[in-house]
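What follows is a single structure, written as structure tokens, with notes after it.
The values are calculated or read from the model by the stated rules, or taken from the named source; none is laboratory data. As the structure is a computational prediction, the values presented were derived from the model and not from experiment. FYI the Cβ positions are ideal-geometry reconstructions off the backbone, even for glycines, and counts take in every protein chain you see.
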Amino acid sequence: MSAILEVSDISKSYGGIQAVDGASFTLDKPGIYGLIGPNGAGKTTMFDIICGRQVPDAGKVLFHSSRVDGVEPYKLARQGLARTFQECRVLPEETCLDNVLFAAQSKRMTSEMLQVFTRNTKHRRDAEVEARRLLRLINLEKYADQPASDLSYGQRRLLEIVSCFMSKPRILLLDEPASGINPTLLNTLRDFLVELYEETKIVFLIVEHNMEFIMSLASTIIVMHQGKVLMQGAPEQVQADESVIDAYLG
Ligand SMILES: Nc1ncnc2c1ncn2[C@@H]1O[C@H](COP(=O)(O)OP(=O)(O)OP(=O)(O)O)[C@@H](O)[C@H]1O
Ligand SMILES: [Mg+2]
């Protein structure tokens, strides 16, 4: 069986800065994967390349054996690639429910989803049922009809993550989902991701600096350092690796 995501020899520089420098890794089966490394290691740049926001200088990205580097983000979203950003992006004046419904529409505009905001009340109703189910799973159901500005920063991040699932992605990239989230919400987020993984069995690729969170969640960790992939392995292997300890964990 071919890999789900294959990143081969990717390089990307911004002016004189080599953000990614010949990085390769393969995600060959569904699972929760962590992408870790020090500040400036190239993790977000790697996400930007995988989801089409940046075109690499060299290398290629294969998604289910199709070449996707350089393909526009909206086309990749339609192919089932969803992501969140390092900075939180919700619409503060819209209700939490509408934020989730809007994400369904904007991230993957299948004809079915497009009808969410049209006169087809059946589709709108189905989407709303799903949106409320997801909000319930992340403990935000009681805010469904309130503006997102009523939420704490951490809750807004959860709202953004929940929204990704409306497009029924085949791969989900989360950039530092735990940042700015208090310990209680962090447990809610972990439980939510485990539950949604069990339900969807897709690839979750998660950039994270919170080691306790990512090591307890992911079954495979990829470590980046200075634009390169230092190693890929099980959390316990990674945590015991001298080169990883020197570069990051130490
Ligand atoms: N748009 C850009 N223009 C110029 N330099 C950039 C740009 N994006 C990233 N860089 C630089 O590329 C390098 C890698 O940045 P990147 O954001 O990918 O790292 P990161 O691993 O996500 O770091 P962090 O953990 O701090 O989020 C850094 O030196 C950064 O300053
Ligand atoms: Mg980053």
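On the given criteria, is residue 117 more than 25 Å from residue 191 (Cα to Cα) and either among the small types (Gly, Ala, Ser) or at pLDDT 95 or above (or both)?
Working: more than 25 Å from residue 191 (Cα to Cα): yes; either among the small types (Gly, Ala, Ser) or at pLDDT 95 or above (or both): no.
So residue 117 fails the test.
Given the criterion among the acidic types (Asp, Glu), at pLDDT 95 or above and more than 16 Å from ligand 2 (Cβ to nearest atom), identify the matching residue among 93, 112, 6.
Result of the check over 93, 112, 6: 6.
Being of a type in the set (Gly, Ala, Ser) and within 14 Å of ligand 2 (Cβ to nearest atom) is the filter; apply it to the range 28-51 and report the residue that is nearest to residue 213 (Cα to Cα).
Once the filter is applied, the top-ranked residue is 34.
Residue by residue, here is whether (1) of a type outside the set (Phe, Trp, Tyr); (2) within 28 Å of residue 64 (Cβ to Cβ); (3) within 16 Å of ligand 1 (Cβ to nearest atom) holds:
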position	(1), (2), (3)
176	yes, yes, yes
235	yes, yes, no
243	yes, no, no
247	yes, no, yes
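Please indicate, with yes or no, whether at least one residue in the range 43-58 is modelled with pLDDT of 95 or more, loosely packed, with under 15 Cβ neighbours inside 10 Å and basic (Lys, Arg).
Looking for residues that are modelled with pLDDT of 95 or more, loosely packed, with under 15 Cβ neighbours inside 10 Å and basic (Lys, Arg), one finds none in the range 43-58, hence no.
For the range 24-36, which residues satisfy the criterion of being within 15 Å of ligand 1 (Cβ to nearest atom) and closer than 23 Å to residue 190 by Cα?
Going through the range 24-36, the residues within 15 Å of ligand 1 (Cβ to nearest atom) turn out to be 25, 34-36.
Result: 34, 35, 36.
Out of the range 19-54, which residues are charged (D, E, K, R) and within 20 Å of residue 4 (Cα to Cα)?
To start, the set of residues in the range 19-54 that are charged (D, E, K, R) comprises 21, 28-29, 43, 48, 53.
The answer is 28, 29, 43, 48, 53.
If you go through the range 40-55 one residue at a time, how many are more than 12 Å from ligand 1 (Cβ to nearest atom) and either more than 16 Å from the chain's Cα centre (by Cα) or outside the structural domain of residue 228 (by TED's automatic domain parsing) (or both)?
1
One line per residue, one yes/no per condition, for (1) within 11 Å of ligand 1 (Cβ to nearest atom); (2) assigned by TED's automatic domain parsing to the domain that holds residue 245; (3) in contact with a His (Cβ under 7 Å, 6 or more places away or on another chain):
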position	(1), (2), (3)
12	yes, yes, no
18	yes, yes, no
22	no, yes, no
38	yes, yes, yes
62	no, yes, no
76	no, yes, no
